[in-house]
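The values are calculated or read from the model by the stated rules, or taken from the named source; none is laboratory data. A quick note: this is a predicted structure, and the numbers were derived from the prediction, not measured. As a convention, Cβ positions derive from the backbone with ideal geometry for all residues, glycine included, and neighbour counts pool all protein chains shown. The protein model used for the area step is the full one, side chains on, heavy atoms only, and it has no ligands, DNA or RNA in it. Shrake-Rupley method; radii C 1.70, N 1.55, O 1.52, S 1.80 Å.
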Amino acid sequence: MEQRVPTALRDRLRGMLIQPNQTMATVAPNLTEGALIVVGLIVIAGIRVALEVAYAAKGNTVGFAIGGAGIGISMAWVSLTLLLRLIARALGGTGNYRNLLALMGYASIPMILTTWVSIVIFIVSPVLLPNLGGTGWSPLHTLIGWIGMAWGWPGVLSYYALRHSQRLSAGRAGSIVAVVHILMLLGWFLPVLVPGWFG
């Protein structure tokens, strides 16, 4: 059966979410589009972090928080892609960094969606449950963030981006993404579980 190549950006975005294997296999990676999607993530994350800071009543740090989100997401996109590319190359991957960077831009789509969910919760939660307010929902926001990571960076879509742009076997691409994901989770949990190790 012949695979249809998505031509409109809307079709590519929808395909990344519901048919990532087929879409990543057939799409021509466009770095400009990938970068624009990451910019969209930065804007949405900036709104979310501004709400979080506003709920914490630290209005004078909103600008720093938004700037930090923008720099952090940009660095994550470039450095995570570089890390995946270097590991893939060591395991016999034959693609290039530019194509992987473009596909990793597309792979940030789930994080845009989950960040929107967080924003809606920040806006609606004080009305529905004023005793909790926006910050009382932080465990839920954390869970939503993890879902975005597991779906986007470094998760399911990162796996397909790595597999198709670097021409790796399913096992090798899956192993790379799994190890990087576990390392990121350890980086999150270790300071909480064993705070003595970190100062």
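Assorted remarks:
- Of all the criteria given as (1) among the charged types (D, E, K, R); (2) open to solvent by 60 Å² or more (accessible area, probe 1.4 Å); (3) under 27 Å from residue 8 (Cα atoms), the one not satisfied by residue 33 is (2).
- Assessment of the range 72-87 against the conditions (open to solvent by 70 Å² or more (accessible area, probe 1.4 Å), free of Cβ contacts under 8 Å to residues at least 40 places away in the same chain and within 21 Å of residue 112 (Cβ to Cβ)) yields at least one matching residue.
- Set 152, 171, 196, 187: member being at pLDDT below 70 and small (Gly, Ala, Ser): 196
- A count restricted to the range 118-147 and to residues that are within 14 Å of the chain's Cα centre (by Cα), β-branched (Val, Ile, Thr) and modelled with pLDDT of 85 or more stands at 2.
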